[in-house]
Amino acid sequence: MTKNEILSMLNAMIAESKTAVLATVEHNRPHLRWMTPAMLPDHPESIFMLSSPHLAKVAQALTNPDVEMLFQTKALHKVITVEGNLIVHTNAALHSEILEAAAARLRVLWKMNADLHDLVALELVIRKAVYTQPMKGEKTIVTFAEE
């Protein structure tokens, strides 16, 4: 499986399920939360999200940028786990791109953080993706960048 094939599948999963689970680490303990991801055409090997800068995941990413993110189809017959580095951006143009790509799916973000000006962009730069088909017992690993 190529990078482009797994990126295409990742885009399809995001379009179908609209959410994914982000895992960060703090004090050697994992922390999981649902996120609303988006992929941007100008950054094909990254996954983007918006967050309040005041939430723990932002501080955790600044301290330890190594994260994982879990994507799945609704039927759970395809699963992709992505690992990489999470970068925190304050770039307003990037915020606008992410908003445009994911606006219809950001209801929870608006309930938690109504101030559009008080957001940071989170960029997960993909290092490795693992595609699993649980019902077939198949797993494929695609490396994007050397560790």
Would you confirm whether or not region 72-92 contains a residue that is touching a Phe, Trp or Tyr at 6+ places or on another chain (Cβ under 6 Å) and touching a residue at least 24 places away in the same chain (Cβ under 8 Å)?
yes
Return a yes/no flag: does region 76-83 have any residue that is in contact with a helix residue (DSSP H, G or I) (Cβ under 8 Å, 6 or more places away or on another chain) and either among the hydrophobic types (A, V, I, L, M, F, W, C) or farther than 29 Å from E138 by Cβ (or both).
yes
Determine which single condition A75 fails, assuming it passes every other condition in (1) within 15 Å of E123 (Cα to Cα); (2) out of contact with any Asp or Glu (no Cβ under 8 Å at 6 or more places or on another chain).
(1)
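Conditions tested, residue by residue: (1) surrounded by 20 or more Cβ atoms within 10 Å (Cβ to Cβ); (2) in contact with a Phe, Trp or Tyr (Cβ under 7 Å, 6 or more places away or on another chain); (3) under 18 Å from H89 (Cα atoms).
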position: L22; (1), (2), (3): yes, no, yes
position: H27; (1), (2), (3): no, no, no
position: T36; (1), (2), (3): yes, no, yes
position: E45; (1), (2), (3): no, yes, yes
position: F48; (1), (2), (3): yes, no, yes
position: S51; (1), (2), (3): yes, no, yes
Name the one entry in V67, V21, V25 that is touching a residue at least 24 places away in the same chain (Cβ under 8 Å), over 10 Å from the mean Cα position of the chain (by Cα) and not in a loop (DSSP other than H, G, I, E, B).
V25
Under 7 Å between Cβ atoms, which residue pairs at least 6 apart in sequence (or on different chains) link something in region 119-132 that is closer than 10 Å to G84 by Cα with a partner that is among the hydroxyl-bearing types (S, T, Y) and part of a strand (DSSP E or B)?
E123/S46; L124/S46; V125/S46; I126/S46; K128/T143
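The numbers here are math on the coordinates, done by the rules we state, and not lab data. Computed from a prediction, not measured in an experiment: that's the story for all the values here. For neighbour counting, all protein chains shown are included, and Cβ atoms are generated from backbone atoms with ideal geometry for every residue, glycine included.
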